[in-house]
Every structure is written in structure tokens, then in C-alpha cells.
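Enquirer: Please see the structure below; I have some questions.
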Amino acid sequence: MSEITTRNVNKPDAQWREELTPEQFAILRESGTEPPFTGEYWDTKADGSYRCRGCGAMLFGSDTKFDSGTGWPSFSEPAVADAVELRPDNSLLMRRTEVVCRNCGGHLGHVFPDGPGSGGQRYCINSCSLAFDPADKVD
Ligand code: FE
């Protein structure tokens with residue numbers, strides 16, 4: 001199946017490699033996964049917003065973040081529904097739903113139907129794919 005989605009941000013891998021750390025590149029551009037309990041934000045409880053590390057798009061708010069016990073940042077829903085794209089991922093002998101940044105195509109993580117909120121979703125997202133903006137930041 002060909003990739004037909006048009007991205008607002010399209011960069012060659014060489015440019016992504018310059019802009020991202022090797023670990024960020026492996027996750028955002030090669031669909032990798034950081035080890036649990038190692039990422040920058042798995043235990044972050046501060047108020048603010050989480051943007052895409054690749055393109056800066058607003059993805060998740062701290063008001064939907066919860067402690068899932070998995071060791072990855074977990075959210076009940078995106079801050080903006082259109083900001084993420086969901087697609088089937090049947091790799092590693094599992095049926096999962098991949099979560100991708102719609103703006104740049106960056107891999108964020110996966111979503112599972114066992115979340116605690118009314119929507120029942122658990123967005124399991126790599127810290128490496130995110131950049132946290134504290135709510136009290138002065139621009
Ligand atoms: Fe992005």
C-alpha cells in the first residue's frame with residue numbers, strides 16, 4: 001500500500017538526522033520504542049502541553065496525562081483530534097494501532113483500548129517524540 005497522505009512537513013532523512021538526536025531519529029523516523037521508565041516525561045506531572053519533537057505540532061495536554069504504570073507518558077486523548085493519525089501496525093506479531101503526528105508523519109507510539117477516561121483510550125507515547133512546554137513558560 002502506498003503512502004498517500006500529504007504531510008505539511010516533508011524532510012529527507014539526512015535532514016532529520018541533523019535535527020534529531022540518534023535516539024529521537026530511531027523513534028520518530030524509524031518507529032522505534034524507548035525503554036520504559038527511561039524517557040524524559042514518563043513521570044512528569046507539571047501543567048503544560050506536549051508538542052511533537054519533530055515539527056512542534058501541539059499533540060497532548062497535561063490535563064489528559066495519567067499514570068499508567070507502563071513507564072511511558074500516557075494520555076487519554078490528543079489535545080487536538082486532528083493532530084494525530086492512527087494506523088494499523090501488525091509488526092512484532094501483535095495487532096496494535098500506531099499513533100503518528102499528522103503534520104510530519106513522525107512515529108509517536110501506540111493507542112490501546114484500556115484507558116481510564118470516558119473515551120477508554122490509552123495513548124502510550126514515547127518521551128523522545130515529545131517536547132514539553134510548561135504552562136508557566138514566559139514567551
Ligand atoms: Fe510532527
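Laboratory data are not the source of any read-out in this text; all were calculated from the coordinates shown. Since the structure is predicted, the reported quantities are computational estimates derived from the model, not experimental observations. Virtual Cβ from ideal backbone geometry, glycine too; neighbours counted across all protein chains shown.
Enquirer: Can you find, among Thr70, Ser91, Gly115, the residue sitting farthest towards the positive end of the charge dipole of the chain, where Lys and Arg contribute +1 and Asp and Glu -1 at Cβ?
Expert: Ser91
Enquirer: Now, a different point. Counting just the Cα atoms, what span does segment 86-139 cover along each of its three principal axes? Round to the nearest Å and put the largest first.
Expert: Projected onto the principal axes, the Cα atoms of segment 86-139 cover 45, 28, 17 Å.
Enquirer: May I pose another question? When only C-alpha pairs under 8 Å and at least 6 residues apart count, what is the relative contact order of segment 34-133, in percent?
Expert: 30 percent
Enquirer: Hey, another quick one. Based on the Cβ-Cβ distance of Ala81 and Asp13, what FRET efficiency does E = 1/(1 + (r/R0)^6) give at R0 = 25 Å, to the nearest 0.05?
Expert: Plugging the Cβ-Cβ distance into 1/(1 + (r/R0)^6) gives 0.30.
Enquirer: Starting from the eigenvalues of the Cα gyration tensor, five times each then square-rooted, give me the equivalent ellipsoid semi-axes of the chain, largest first, whole Å.
Expert: So the equivalent ellipsoid measures 21, 19, 15 Å along its semi-axes.
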